[in-house]
Amino acid sequence: MNVWQAVVLGLVQGLGEFLPISSSAHLVLVPWLFQWHDPGLTFDVALHLGTLVAVVAYFWRDWVELLVAAVKEPHSLQARLFWYLVVASIPGAAIGYLFEDWAETVFRNPVLIAVMLIIMGLVLYSADRQGVKKKGIDQVNFWQSLIIGFSQALAIIPGVSRSGITISAGLFTGFRRESAARFSFLLSVPIIFGAGLVKFPEVISNPGMLTLPFITGIVVSALSGAASISFLLKYVQTKDYLPFVWYRFFLGALVLLVSLFRVLGINSW
């Protein structure tokens, strides 16, 4: 992997982690489409550390307020939101642990990813059209947080999109677009941190860890991640998720078409 490839992968991770288009799908599909060497799940996890830096840097004040409230004001709205985020994090962590081997092998299949891109595009479209969109993030309850938490567990399959499925669940349960996105982003901190913590020994033991492409990918991931958070929170205040739905349809169809051409031996693909 050269520096240019690391930049591209860092960019798609940073954008895809917070836009509802699936970063894990892009980290598999970009090397597959361009026939690059797949850097593997360890590099993917390292890029996720970059987006962890981005979301913590963006929401650090929120998390400080939540933590302080949980300790000093246990009956406040902020304390309640903190514990609901904890509840929502449990299903994803459990499923991620149980299906870790599948995430590294079976789920990294381009055809499966393409199908999930399209299916979850339909889910996002339906949620955006049918959701009541009345509640703010301060109105979240236990059952909403649990539903969103279980939806996040599905994101272990590339193509689902962690942000896409949690935003969709938030919209289905009554959140406004901006509130659904904000809850999704806050929820990303424990799940990305947990995955990074589990894989950290493997990442730092990788001989490529201190190489220029590796470091470049992480930095680009962090910068593009911060930009995508800022963009989406402003975008959804006035606009819907339809452009992301169409993008998912297009990418899924492209991958299925390329897969078919490669099976037929059409070498230009």
Handout entry: Scan of segment 1-38 for residues that are among the acidic types (Asp, Glu) and under 23 Å from Ile167 (Cβ atoms), ordered by number
Key = Glu17
Fill in the blank from the handout: Scanning segment 98-132 for residues that are crowded, with 18+ Cβ neighbours inside 10 Å and charged (D, E, K, R), the one farthest from Gly170 (Cα to Cα) turns out to be Arg108
Problem - Within segment 31-55, tally of residues that are crowded, with 17+ Cβ neighbours inside 10 Å and either modelled with pLDDT of 90 or more or of a type in the set (A, V, I, L, M) (or both) - result: 13
Practice task
Find the residue count for segment 35-53, including only residues that are outside any loop (DSSP other than H, G, I, E, B) and either out of contact with any helix residue (DSSP H, G or I) (no Cβ under 9 Å at 6 or more places or on another chain) or in contact (Cβ under 8 Å) with a residue 60 or more places away in the chain (or both).
Solution key: 12
Handout entry: Selected residue (only one of Val71, Val8 is of a type in the set (Val, Ile, Thr), surrounded by fewer than 21 Cβ atoms within 10 Å (Cβ to Cβ) and more than 22 Å from Tyr247 (Cβ to Cβ))
Key = Val71
Handout entry: Ile192 being in contact with a Gly (Cβ under 9 Å, 6 or more places away or on another chain), assigned to a helix (DSSP H, G or I) and at pLDDT below 95
Key = no
Exercise for the section: Within segment 61-75, identify whether any single residue is in contact with a helix residue (DSSP H, G or I) (Cβ under 9 Å, 6 or more places away or on another chain) and within 28 Å of Gly121 (Cα to Cα), and answer yes or no. Expected result: no
Handout entry: Residue in segment 122-136 that is closer than 23 Å to Phe82 by Cβ and of a type in the set (A, V, I, L, M) present
Key = no
Problem - Extreme residue, surrounded by the fewest Cβ atoms within 10 Å (Cβ to Cβ), among residues of segment 159-201 that are over 29 Å from Glu104 (Cβ atoms) and of a type in the set (S, T, N, Q) - result: Thr173
Handout entry: Residues of segment 227-249 satisfying the condition of being in a loop (DSSP other than H, G, I, E, B) and in contact with a helix residue (DSSP H, G or I) (Cβ under 8 Å, 6 or more places away or on another chain)
Key = Val236, Gln237, Asp240, Tyr241
Problem - Selection status of Asp128, in a helix (DSSP H, G or I) and over 12 Å from Ile167 (Cα atoms) - result: no
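The values are calculated or read from the model by the stated rules, or taken from the named source; none is laboratory data. For clarity, every value in this text was computed on a predicted model and none was experimentally measured. No Cβ is skipped: glycine too gets one built from the backbone with ideal geometry, and neighbour counts run over all protein chains shown.
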